[in-house]
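Notes to accompany the following structure.
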Amino acid sequence: MSNPFPLDKGKLLHAYRQMKTIREFEERLHVDFGRGDIPGFVHLYAGEEASGVGIMMHLEDHDRIASTHRGHGHCIAKGVDVKGMMAEIYGKSTGSCAGKGGSMHIADLSKGMMGANGILGAGAPLICGAALAAQKLGHDGVGITFFGDGASNQGTVLESMNLAAIWNLPVLFVVENNGYAEATSVDYAVASDSFVDRAAGFGMPGITVDGTDFFAVYEAAGEIIKRAREGAGPTLLECKMIRFFGHFEGDAQTYRAPGENTENRKNRDCLKIFRTKVTEAGVLSEKELNTIDDEVMILIDEAVEEAQAAPLPTLEDLTKDVYVSY
Amino acid sequence: MSKVGIIANPVSARDIRRIISHAGNLPINDRANIVLRILTGLYTTGVEEVLVMPELGGIRAQLLRTIERESKMGTFRFPKVTYLDMPVTGTAEDSVEAARQMHDQDVGAIVVLGGDGTSRVVVSACGNTPVAGVSTGTNNAFPELREPTVTGLAVGLAVTGQVPSKYAFSFNKRLEVRVNDKREIALVDVCVVAERYIGARAIWKTDNFRDLFVTFGRPDGIGMSSVVGLLAPLDRETPEGRRVQLVPVGETENRLSAPIAPGLIEDIGIGVVETMKPNQLYQPSVSEGSFALDGERELTFSETDDVSIRLQIDAFRTINVLDCMTYSAKHGLLTSKANNRLARLIKNGRTS
């Protein structure tokens, strides 16, 4: 059978590898954080991989993204070094930001990753700046900002949508709607429950896709990003998705319905959905995917071992890297 | 007790057609207002209870706020509203489950907010329960454009038996698509596209179009059925369908500019146009691809699959709103006892 997908086999393998790497990275952090090995705080992206990877497959290094407190998946999908990320989360000097940022401040400007962000909704104005720069410099770069259903209520997000609309900036506002703002249901906390309606309020097109379906995200994001590069301006994309873990590690998740996590893992796992589609279509084999699984496990094991073995930043490092030149 | 179901799924009309063209976006608040207007029509005609599909998109929250507020104000004019007990997935599957439950609970009719796609999923699950479409979707070839208050009145008159069945209900055609043992339906059109994957569901890349099957096509229609409407129009009642072979524009001189989605008028290469006969099995002209049902890719097939398309007539019922209201006017159904003089004047052909 011919390949029915709009990606060749190599890109499909790459997409799976990226999603699997995010999944194993997060699953490993879940264990290591619970054991007390990791300083600070972590918010895990497991379950949401199809969104980050489906969007980032369309981007180049000169395209900028601004992430959230749940940013590991965005970082990996944008090409940030996994071992550097793990070391960063372990607070080691070999980390992406020399061990001084931690989980919520991983950044790598060489990859267009402007940073995870501990402040809700703070990525939106940053990405408007990046998009304005792309527009003024005359290259085809785009800016993508991710935020959750909770952060969508932040004034920064709404102001940024207004700014992007009036300046016709090449920005994609991605609402990763996993249904909960920390522990609060979106049904309770968002007065205009449709994020698409909010985009419409700024004269901006907006759509909703199934964020557990890589191919739905990939196709919609591809069309939006292509148009943004051509000058079509900003768009809002709502990805309805699942978060496998709590808001933060240690969250007892008492707000969830009984069996919700089990049901999600069983029926709404974006990796399983991807795997089923590509194997049933006869494009990728179980063997090929299993090989990637094994290689990713080795990568994550090595990342943890190297992070644990790496030195902590020294007192002399404290005042270094305070300012970054762009 | 007369009961009616209402399905207003907030995820309808949110797809990529808002990007590729300028398809409309009906805000959640307006959807809630539409439900309230339908409720008013149902209440006026004596419907006692309305079963509503639960959702977490905001329609329910606004609806309940309004009902509570109007109860306190003493202006309450709605039937009893009961939400179905079902899990909410935030997908089109909610519409399917709601239609199933409403059918099981013997509602007299289901009012559906949406376009062709949402109407399709409801009809696929509601058995012989009549439906009434309220045009709020992307492509709205199937649901007629009409004020929802009037649709509410007509549905109420129909399900309470005030309008006889022969006026109240219409029978409709549909298309059945089969891929091996899996069967799906389409109310308006089935488009065969050469790409064998679902992706973002909507169809807009015309060079991939290969076949079009329709139950009806109006010259002033929107969506893929407009192709038939502009080539060889067909109404909802005639017991036949149309099949049009579609070819890439570069391969033919026979081209048609058709409004295949709101704001999207595309040149389409046209091949043979033929009449579909009821219950006859038709094959797509390509060995692999996908079926877009009422505008959205739903099923894929390859050369190893056994596939067919079949036209079914008298397949499901809809509320005939115009005939209900015409009957109502003719028989004074909405004139009240306190206003018998008006009824007599109408009967005598004098209204002033």
Single unsatisfied condition, residue B:98 versus (1) crowded, with 24+ Cβ neighbours inside 10 Å; (2) touching a helix residue (DSSP H, G or I) at 6+ places or on another chain (Cβ under 7 Å); (3) of a type in the set (Gly, Ala, Ser): (2)
Subset of segment B:37-70 that is of a type in the set (A, V, I, L, M, F, W, C) and assigned to a helix (DSSP H, G or I) - its residue that is surrounded by the fewest Cβ atoms within 10 Å (Cβ to Cβ): B:64
Count of segment B:12-36 residues which are facing chain A (nearest Cβ under 7 Å) and assigned to a loop (DSSP other than H, G, I, E, B): 5
Matching residues, segment A:45-103, being free of Cβ contacts under 8 Å to residues at least 24 places away in the same chain and either surrounded by fewer than 24 Cβ atoms within 10 Å (Cβ to Cβ) or among the polar types (S, T, N, Q) (or both): A:96, A:101
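The rows are residues; the columns are (1) of a type in the set (A, V, I, L, M); (2) in a loop (DSSP other than H, G, I, E, B).
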residue: B:242; (1), (2): no, no
residue: B:245; (1), (2): no, no
residue: B:258; (1), (2): yes, no
residue: B:275; (1), (2): no, no
residue: B:287; (1), (2): no, yes
residue: B:297; (1), (2): no, no
residue: B:300; (1), (2): no, no
residue: B:304; (1), (2): no, yes
Unique match (being touching a His at 6+ places or on another chain (Cβ under 9 Å) and at pLDDT below 95) among A:280, A:249, A:316: A:249
Residue, nearest to the other protein chains (Cβ to nearest Cβ), within segment A:184-194, restricted to residues that are assigned to a helix (DSSP H, G or I) and free of Cβ contacts under 8 Å to residues at least 12 places away in the same chain: A:187
Whichever residue in segment A:195-217 is assigned to a helix (DSSP H, G or I) and at the interface with chain B (Cβ under 7 Å from one of its Cβ atoms) and, among such residues, is farthest from residue A:47 (Cα to Cα): A:200
Hits in segment B:290-327 (condition: more than 14 Å from chain A (Cβ to nearest Cβ), of a type in the set (Ser, Thr, Tyr) and surrounded by fewer than 20 Cβ atoms within 10 Å (Cβ to Cβ)): B:308, B:326
Helices (runs of 4 or more DSSP H) wholly inside segment A:1-107 that include at least 1 residues being modelled with pLDDT under 95: A:9-34
Residue in segment A:267-284 that is β-branched (Val, Ile, Thr), in contact with a Gly (Cβ under 7 Å, 6 or more places away or on another chain) and part of a loop (DSSP other than H, G, I, E, B) present: no
Filtered residue count, segment A:1-16, keeping only those that are buried (at least 19 other Cβ atoms within 10 Å of the Cβ), of a type outside the set (A, V, I, L, M, F, W, C) and within 22 Å of the chain's Cα centre (by Cα): 1
Verdict on residue A:267 being surrounded by 11 or more Cβ atoms within 10 Å (Cβ to Cβ), within 14 Å of another protein chain (Cβ to nearest Cβ) and among the polar types (S, T, N, Q): yes
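The values are calculated or read from the model by the stated rules, or taken from the named source; none is laboratory data. Values in this document were obtained by computation on a predicted structure and should not be read as measured data. No Cβ is skipped: glycine too gets one built from the backbone with ideal geometry, and neighbour counts run over all protein chains shown.
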